[in-house]
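Engineer: I am attaching a structure below and will ask some questions about it afterwards.
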Amino acid sequence: MYRFLLTPRWWGINVFVLLSIPFCIFMGSWQLGRFEDRVQDHRTATEQVSEARHEVPRPLKDMLPVDKATSGKPVTASGTYGKQLLVPGRELDGRQGFYVLTLLRTGSGEALPVVRGWLPGSADAAKVPAPPAGEVTVTGALQASETPGDNGVSAQGGLPAGQTAAISAASLVNLVPYDVYDAWVTLAKGDSGMKAVPAAAPPDSGLDLKAFQNLGYTAEWFAFVGFVIFMWFRLLRREVETVRDAELGLVADEEPVAVDAAVK
C-alpha cells in the first residue's frame, strides 16, 4: 500500500519536508536568539543608566561621540546659554508636558543642547523660567541625538516658532545660527524648579518594536514546522485512501467523452 512513497513525486515531497523542517527550526532559533540578545542589551543598558548616576562626571569632549558605552554617563560642560526651544508632547510620570531645551554655547564654537527640565501642560514659552545669565557649568547625563519616529519621538512637522519635535543636531542646525553637537545633555537636577528629565537607555538597546518583531518571526518559523508536518500527513492520508479505494474497486471510471460522429 505504501509503495507510492518510492515514486519520484513522493521522493520530491519527502526531500522537501526533510530539508524544510531543520531549516525552519534553525531560522526560528536564530530569531529567538536575536530577541534574547535584545533583552540582554535592554537589561545591560538599564543597569548602565542606573550605575552612571554614581559615577564622577567627566568633560564632555572626553565622552564623544555618543555610543552605547558613553550614553547615560555623567558629563560636565561650560559656556553661556543661548537660544531656548520647547519640545512638546513629552510624557513624564504619566503626565503630558514639554521639555525646556536651551543651547549652551561652549568655547569650542559648537552649542550643546541642554534639557534644563520638564514642565506639565502644553508648550508655552510664557511658563518657562529664563536660563541663568553669564558663564555656567552644567552637569548631566549624555544622550544620543534622537531620531524622529523612534521610541516615542514625534515626527510632527510644522511646529510653531521656538519649538522642535526631536532633539537632534539635524533638526537644531536649521533653528540656530551656529553648529550643534551631535549629542545632548539632560541635567541631573532640574533648573529653576523644573523637573529633571531622567536619562534614557542607549538607542537600539530596548524592548522596542524590532525586538518583538524577532519574537513574532520566531513563532512564525516554528508554526511553519507544524504546518509542513501537518500537510505531509494530510497528503499521505489522501494517497493511502486513494490506493485503498483503487484496491477495493471504488474508484469511479472516467466517463467516455461524447463524440459527435454525424457526418454531413
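Engineer: With the Cα gyration tensor of the stretch 30-124 giving a ≥ b ≥ c as the square roots of its eigenvalues, does the rule (a/c under 1.5 for rounded; else a/b larger than b/c for prolate; else oblate) give rounded, prolate or oblate?
Structural biologist: On the way: a/c = 2.38, a/b = 1.31, b/c = 1.81.
Oblate is the answer for the stretch 30-124, as a/c is 1.5 or above yet b/c matches or exceeds a/b.
Engineer: A further question follows. Once fully extended, how much extra length lies between T76 and R9, figured as 0.36 nm per residue of separation less the alpha-carbon to alpha-carbon distance? Please list the in-between numbers first.
Structural biologist: Numbers: separation 67, 0.36 × 67 = 24.12 nm, distance 7.22 nm.
Gain on stretching T76 to R9: 16.9 nm.
Engineer: Taking a cut-off of 16 Å between Cα atoms, list the lysines near K195, but don't count ones fewer than 8 places away on the same chain.
Structural biologist: Reachable lysines: K127.
Engineer: What part of the accessible area of the stretch 1-148, given as a whole %, is carbon or sulfur when the probe is 1.4 angstrom? The partial results should precede the final answer.
Structural biologist: On the way: 4750 of 8100 Å².
On the stretch 1-148, the fraction of accessible area on carbon and sulfur atoms equals 59 percent.
The values are calculated or read from the model by the stated rules, or taken from the named source; none is laboratory data. Please read these numbers as outputs of a predicted model, since none were measured by experiment. Surface accessibility is based on the protein's heavy atoms, side chains included, excluding ligands, DNA and RNA. Shrake-Rupley method; radii C 1.70, N 1.55, O 1.52, S 1.80 Å.
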